[in-house]
Amino acid sequence: MRFEFATANRILFGPGVAADLPRIVSSLGRRPFVLTGGTPERHEGILNPLARAGLKPATFGVAGEPTTETASAAVAAARRAQADVVIGIGGGSAVDTGKVVAAMLTNEGSIEDYLEVVGLGEALRNRSAPYVAVPTTAGTGAEVTRNAVLLVAQHRVKVSMRSPFLLPHVALVDPALTHSMPPELTAGTGLDALTQLVEAFVSKKANPVTDGICREGLRRAARSLRRAFEDGSDAVAREDMALAGLFSGLALANAALGAVHGFAGPLGGMIEAPHGVICGRLLPHVIAANVQALRDRAPGSPALARFDEIAQIVTGNESACASDGVAWVEDLCHALALPGLRRYGLAEADFPAAVAQARKASSMKGNPTELQDDELTAILAAATD
């Protein structure tokens, strides 16, 4: 057995840890550049203490899904501000854009030079500028991953910049910051976390460390996602989901993902659907397709027992099997009022391009078995309606 485990240099978790931000930033630099969502004023409670500590942050709002154009503009703004430390406050969009900015402050060339699939895929040569990630959603795990996802509009696809240098120096995970998430955002980010935990657990690259992380993350997501959706003030559920999101990031960064995320990049560029909704709609059908393919072509695969174990964890039934897990996910998606992908414009005419692009995605390398084009097409058809 051989594996590697890497994460942020330091992780601080718990209600109230965001108050440590000024002290941490002061130890890393004096000219902070802050990435937020589209409305920076929403985070004044976090930003104002920076100013009181003698730090005068320059801010940049990332509205919607981060594109290469948005990220390039953020890099230019950070260079003009002569930033020496970067902070990402918000959901995965702000946190991922912050990773790109921190990397490009110390590396030459353009963002496209370092992108997978549609770029040159070059390796970053220099360590990123100090970067502090402060997630305000619970799901992407971006605060502890070594990639940053960007939409390349001209190619209608989401792709990654990937490097160990993208791992944040510090991740501040404060569950209290997630209490204001509306139900639909709670559902989407939570389903992203659930999907990442499932895919990392059955991945070809799973290891004993990520296995334990996934098991605990699945337990917490299973018992608390619906609760957090129904009552955003449920502090216990919010803490569970913040941990599930953190654990999902730790797992995916050190194992791999699978066909759900193989599809998520192409579909995210083709339709304007939240990433978590895409994951949630695909997840039960990808599980079912993987289980059937393994039974047909690799009946001795240990992944089959892992799909059964997932079902046992999420249902709480020690005798549950993979089909029970599929039913549980479908019931959860119904409870979270998740629409089909047709609602966002996905049509049968898009399937061939989506399948072709998914095959090129790095996430597909971790799927427990290679799915054929007809199986991938059937997954899309089931997720569309």
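The values are calculated or read from the model by the stated rules, or taken from the named source; none is laboratory data. Only a predicted model underlies this, so the values are computations on that prediction, with no experimental measurement involved. Every residue, glycine as well, gets a Cβ built from its backbone with ideal geometry; the counts of neighbours run over all protein chains shown.
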- Pairs, please: C-beta under 7 Å, at least 6 apart or cross-chain, first residue surrounded by fewer than 18 Cβ atoms within 10 Å (Cβ to Cβ) and in segment 332-354, second of a type in the set (Val, Ile, Thr) and in a helix (DSSP H, G or I)? GLY340/THR384; ARG342/THR384
- Out of (1) among the hydroxyl-bearing types (Ser, Thr, Tyr); (2) without any contact (Cβ under 8 Å) to a residue 60 or more places away in the chain; (3) buried (at least 21 other Cβ atoms within 10 Å of the Cβ), the one SER72 does not meet is (3)
- Residue count for segment 351-371, restricted to those that are farther than 9 Å from PRO266 by Cβ and either touching a Ser or Thr at 6+ places or on another chain (Cβ under 9 Å) or not in a loop (DSSP other than H, G, I, E, B) (or both): 11
- When LEU151 is run through (1) surrounded by 24 or more Cβ atoms within 10 Å (Cβ to Cβ); (2) part of a strand (DSSP E or B), the failure sits at (1)
- Scope segment 289-346; condition of a type outside the set (Val, Ile, Thr), under 17 Å from LEU225 (Cβ atoms) and assigned to a helix (DSSP H, G or I); matching residues: ALA311, GLY325, ALA327, TRP328, GLU330, ASP331, LEU332, CYS333, HIS334, ALA335
- Task: Scan segment 355-370 residue by residue and report those that are modelled with pLDDT of 95 or more and touching a Leu at 6+ places or on another chain (Cβ under 6 Å).
- Result: VAL355, GLY366, THR369
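For PRO266, indicate whether it is surrounded by fewer than 21 Cβ atoms within 10 Å (Cβ to Cβ) and either in contact with a helix residue (DSSP H, G or I) (Cβ under 7 Å, 6 or more places away or on another chain) or within 20 Å of TYR344 (Cα to Cα) (or both).
no
Looking at this structure, is LEU166 hydrophobic (A, V, I, L, M, F, W, C), more than 22 Å from LEU282 (Cβ to Cβ), more than 16 Å from the chain's Cα centre (by Cα) and surrounded by 24 or more Cβ atoms within 10 Å (Cβ to Cβ)?
no
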- Note on the structure: Out of (1) of a type outside the set (Gly, Ala, Ser); (2) more than 27 Å from CYS321 (Cα to Cα); (3) outside any helix (DSSP H, G or I), the one VAL236 does not meet is (3)
- Task: Would you mind telling me which numbered condition in (1) in the same structural domain as HIS275 (by TED's automatic domain parsing); (2) crowded, with 22+ Cβ neighbours inside 10 Å ASP211 fails?
- Result: (2)
- Boolean, PHE33 is touching a strand residue (DSSP E or B) at 6+ places or on another chain (Cβ under 9 Å), closer than 22 Å to ARG146 by Cβ and either of a type in the set (Val, Ile, Thr) or surrounded by fewer than 17 Cβ atoms within 10 Å (Cβ to Cβ) (or both): no
